[in-house]
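Report on one structure; see the data block that follows.
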Amino acid sequence: MMNKLAWRRTWFQVHKWIGLILAILIVPLCLSGAALVWDEPLDRLANAARYAVSGDRLLAPSAYVAAARAALKPGDRIAQVTLPDGHGPVVVAAAPAAAGKAGGKGRGGPPSRTMVYLDPPTGKVLVVADRNAGLVRFLHGLHGSLQLPGVGRTIVGWIGVAMMISSFTGLWLWWPTVGAWLRGLRWRRHRNTDTNLHYLAGFWVALPLFVLSLTGAWISFPAFFGALSGQSAQRGPDPRAAARAAPIAAPALTPEAVIARAGSVARGELRSISWPTETSADWTVAFAGDGAAGSSVKVADDSGVAVAAPARGQGGIARLMRRIHDGTGMGPVWQTIIFLGGLLPALLAVTGVIMWWRARGWKAELAAKQRAKRGLARG
């Protein structure tokens, strides 16, 4: 019994200090993650002008390129044309001329891109904006790196590790010391509402929070977890370095010619076409059908040879971990679970701090009473 109580005291200290030290980071991290579960609807609300399209009929990609060039600054280079998946705008991404060969920001941040949102049937420019601007992009930066380029991703990863430990220790502390475990599901385990909230919400969120923390840590430390899963040998070009490469100014092929060549290798609804860069002279054409062979095609700009290739980030455990973490393609039930898995930890952080602060108060009062008794005894 004493051994069990000693373990409980140990886990209580671990759980308490993880919560107190990380509380100020856990709240924005969890709330931003909850909001990003439905990032597209949120973007439609926050940036309605981008989605003010007049229809779904599509023009040739070159028409969108020409319309975007008229809205871009001299020297800007087209990087990608993305067609809508449903009712939405055509988006042309361009690398600013000032980015030069670096293609964007420093090593720690995403590459700078100017986004031109176009009306599909007319090619009319709806909005021109920096890719990293706006509420949704801010939330992505906050959730992925706490808006700290470079070191922020590592910090978020270690927070994920700490939250896994917190989930385990919290469940241990939730477990009733006397009686059946069902006693732990009672609402009135304590006289304070915040403590009852902490116990009950902590139980229901423990498993989803552990999963979200594990997948978040996996995303932050792909090399470490890739080695554990046996995928470390599957090395290829660094996708982040490739994304930062500047697109070439004057490719030999037109977008229509590239699409025609790609169509001889793969079929499906066109999703995007990416320009060759100064580090890779291949166009990349993506078709609808996540996970289907041939959904991504490389087309050499010099020879026009088309070769089927797996879409970037497609397949594998790492891809599954990301889908579990952000809910992409996982259905409304799991999306709702991870939405609550973002809200409830923020509630746990706040109630935990309240509980700690109140405990400090009564401990101080108890210590004062004990000092007074000792003073009376000596007198």
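Any read-out appearing in this document is the output of simple, stated calculations on the displayed coordinates, not a laboratory observation. Since we're looking at a predicted model, the values are computed, not measured. Because the Cβ atoms are built from the backbone with ideal geometry, glycine has one as well, and the counts that use them run over all protein chains shown.
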### Message
Using a 7 Å offset from the Cα along the Cα-to-Cβ direction at both Ala250 and Thr279, what is the distance between the two label points in nm, to one decimal?
### Response
2.5 nm
### Query
Cα-Cα pairs above 20 Å in the range 20-172: how many percent?
58 percent
### Summary
Any residue on another chain or 5+ positions along whose placed amide H is under 5 Å from the amide H of Arg271 is listed here as Ala286, Phe287, Ala288
### Query
How large is log10 I(q)/I(0) at q = 0.18 Å⁻¹ when the Debye formula is applied to the Cα atoms of the range 143-236, each weighted equally and without solvent?
-0.85
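Which value in Å is the Kirkwood Rh of the range 1-98 over different Cα pairs?
The Cα-based Kirkwood calculation yields 18.3 Å.
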#### Entry: Cα extents of the range 6-47 along the three principal axes, largest first (Å)
53, 16, 7
### Query
Roughly what % of Cα-Cα distances in the range 301-379 sit above 15 Å, to the whole percent?
77 percent
## Note on the structure
quick shape note, the range 336-379: Cα extents on principal axes in Å, largest first -> 64, 9, 6
### Query
For the chain, what relative contact order do you get, as a whole percent, if you take Cα pairs closer than 8 Å and at least 6 residues apart?
20 percent
